[in-house]
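These notes concern the structure reproduced below.
What follows draws every value from the coordinates through simple rules; no lab data is involved. Just so we're clear, the structure is a prediction, and the values are computed from it rather than from any experiment. Glycine also receives a Cβ, built like all others from the backbone with ideal geometry; neighbour counts cover every protein chain displayed.
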Amino acid sequence: MKSLRDSYITTQSGKVGLKVIEEQKIDIEMLFSGFQDYSRSLVAGLLVGIYVILWSLLLIVPGIIASFSYSMTFFIMEENPQLSAGEAIQASKSMMYGHKWRLFELMFSFIGWWLLCIITFGIALIYVAPYYSTALAIFYTDLKHLQHNPVS
């Protein structure tokens, strides 16, 4: 059940984050539009989870690196509805090649915010969760632009 919920939440938070940075209107219907394409999100969530677990069997560090490799999957699926879950995972792997450390730095910068969430028993999540989703969406957009405009 957790995987069902997590794949939906991840997909929707990515969708909202992309809408925020594109300065598009966010309405309540959009929050429930993920159910229209839920099977693809579910398959992607299950595949990413299985791949990360398999990499984690080697050691913890390869599992963390694998999770960074697959981290852009849901953003890619949101912008490319014609891609299958497997194709989105492959696209995420290629997009993240050489950029995993940047994502680690971004995630590391949120440690204080996550500690604040723990101290406030989750109340701070009202602010931190959208902030984190938007930061990841900006990271994805930045990566996308780097892919199209590589610096020589």
Neighbour-count ranking [beta-carbon atoms within 10 angstrom, fewest first] of SER56, SER71: SER56, SER71
Can you list which of the chymotrypsin sites (Phe, Trp or Tyr not before Pro) found in the stretch 39-139 are DSSP loop residues with at most 11 other C-beta atoms within 10 Å? TYR97, PHE121
Tell me, what is the FRET efficiency for GLU79 and PHE110 to the nearest 0.05, using R0 = 30 angstrom and their Cβ-Cβ distance as r? 0.80
